[in-house]
Amino acid sequence: MTQEGGQYDAESIGQELRLSLSEVIESIPDCSMRPTDIARKINVSRVMISRMLSALRKENTIELLTSIPGPESLKTLILAASIAGVEQHSSSRASAAVNDFETMLKGKYGTRAAFNAALSVNQTNSKEKFEQSSRYQVYKGMSQILGVECKLWVASAVFTPSKESTDDVCVTSFFGPAGMRRLRPDVPILLEYGRPVTNRFGQNTSPLSPPPDMQAYYSNPEAVMSVCEKHGEEFTTFSPQLHSKGEYYDMVITSRVLVKDYHTQKNGYGKRGRSVFPKVPVASMVSDLVIHKDVYSQLDINLKVYKTLGKGTAAMGDVKRVSDIIDTGDQFVNLGFGLKELSVQEMPKYKEMVEYICDFNGYAADEFRVYRLQIQYPIYGFQYLAEFDTKQ
């Protein structure tokens, strides 16, 4: 090993694991390379065998190391193969490679999680897999702690010109959970919604009549809500009775406001935007900006993801919150004109709902450009802030 615990060392160990473990598997008497056959011949878990074979097939050595079973599992496999008849020199070579792997893990990184995190940084596939797995663990953990899980969080908006003035814009927002399920009877699930009518420059919006109820586009029953009181304060809670694991609910609601002088800078600040903050842990989040061609002819969206910690949500242009920005790699994607690409698996009638809102505001679907942000397992407590210029 030329660099103790270093990148070159990891490459060397990975290559030796590939060669020696492949030799062990291929040396099992009267055995094919099929996972079920190997597991039966040496009496070990088929899942572990499948995972190891999958790792050994990866061309990238770092991806092999971040996906292969841990040292203890590999030692068990080598011992079982020896008992099944693999020759001593093959099992000894593999055991030495596994020992080097274990020494590197414990000596340099301490834990397998730290090892995977460190080595995944410069490996696109490994990084995406590691981050996706980490997001999933956060989602499952927070769901169990808070007593609620949700398939989809919708946080979208349709932007149309005002019928009276091209400088004013009607913003129709539709947001909320779809496929939400209560997990625990002992934890109150707060779902407070507010309609933003002010910003940091003072009130510059006015409420409009929203479209009729969105229940026609639900895939599940309307969420069961109740009001509870605690310490003299009233709270709205999601409170269905727990009967079966298949009881899911939807609660996507709308608001419409008229924003005055939408394209005008305020106090020298030239940004508009929207902030997304899921109220419950969700498996998927979709945020579509459905923008009429006469609102913006083109649009570049800058997505900022903030740790909120104890500071609350961040405002656009707040330089004091720069240190809270996290690079997640998420971004809005331009889906072009029309609404043909708006399907959402978790909410089959989502596209029809957007079409209805556009029509309700008096505009045809082909007059809109769509920008979509879609994230699997967004981190609960993170804020997703989309910013775009007021002048185009």
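The values are calculated or read from the model by the stated rules, or taken from the named source; none is laboratory data. Because the structure is predicted, anything quoted here is derived from the model rather than measured. Every residue, glycine as well, gets a Cβ built from its backbone with ideal geometry; the counts of neighbours run over all protein chains shown.
Do we have Val295 as over 24 Å from Asp389 (Cα atoms), in the same structural domain as Ser219 (by TED's automatic domain parsing), in a loop (DSSP other than H, G, I, E, B) and touching a residue at least 12 places away in the same chain (Cβ under 8 Å) here? So Val295 does not fit the description; no.
Here the strands (runs of 3 or more DSSP E) wholly within segment 150-250 that include at least 1 residues being of a type in the set (Gly, Ala, Ser), in the same structural domain as Phe337 (by TED's automatic domain parsing) and at pLDDT below 90 are 205-208, 225-230. For a quick check of your reading of the model, give me the residue pairs whose first member lies in segment 11-35 and is touching a residue at least 60 places away in the same chain (Cβ under 8 Å), whose second is of a type in the set (Phe, Trp, Tyr), with beta-carbon atoms closer than 6 Å and at least 6 apart or on different chains. The qualifying pairs are Ile13/Phe101.
From the list Ser323, Ser343, pick out the single residue that is free of Cβ contacts under 8 Å to residues at least 24 places away in the same chain, under 22 Å from Lys151 (Cα atoms), in the same structural domain as Phe159 (by TED's automatic domain parsing) and out of contact with any Pro (no Cβ under 8 Å at 6 or more places or on another chain). If you could, list the steps in order and put the result at the bottom.
On the way: Ser323 fails: under 22 Å from Lys151 (Cα atoms).
The conditions single out Ser343.
Residue pairs whose Cβ atoms lie under 8 Å apart, separated by 6 or more positions or on different chains, with the first residue in segment 356-376 and assigned by TED's automatic domain parsing to the domain that holds Met214 and the second among the basic types (Lys, Arg), are Gly362/Lys163; Glu367/Lys293; Phe368/Lys293; Arg369/Lys293; Gln376/Arg135. Within segment 8-61, if we keep just the residues that are over 18 Å from Ala97 (Cα atoms) and in contact with an Asp or Glu (Cβ under 8 Å, 6 or more places away or on another chain), the residue that is surrounded by the fewest Cβ atoms within 10 Å (Cβ to Cβ) turns out to be Met33. Of the residues that make up segment 344-360, is at least one outside any helix (DSSP H, G or I), of a type in the set (A, V, I, L, M), surrounded by 17 or more Cβ atoms within 10 Å (Cβ to Cβ) and at pLDDT 90 or above? Among the residues of segment 344-360, at least one is outside any helix (DSSP H, G or I), of a type in the set (A, V, I, L, M), surrounded by 17 or more Cβ atoms within 10 Å (Cβ to Cβ) and at pLDDT 90 or above, which makes the answer yes. Looking at Ala283, Ala314, just one residue is touching a Cys at 6+ places or on another chain (Cβ under 9 Å) and either crowded, with 17+ Cβ neighbours inside 10 Å or β-branched (Val, Ile, Thr) (or both), and that residue is Ala283.
Among the residues making up segment 366-392, those that are modelled with pLDDT of 90 or more, assigned to a loop (DSSP other than H, G, I, E, B) and at negative phi are Pro378, Ile379, Tyr380. Take the conditions (1) modelled with pLDDT under 85; (2) among the hydroxyl-bearing types (Ser, Thr, Tyr); (3) within 30 Å of Asp9 (Cβ to Cβ); Thr103 misses just one of them, which is (1).
In segment 165-188, the residues that are under 12 Å from Val295 (Cβ atoms) form Cβ pairs under 6 Å with partners that are aromatic (Phe, Trp, Tyr), at six or more places apart or across chains, as follows: Val169/Phe159; Val169/Tyr262; Val171/Phe159.
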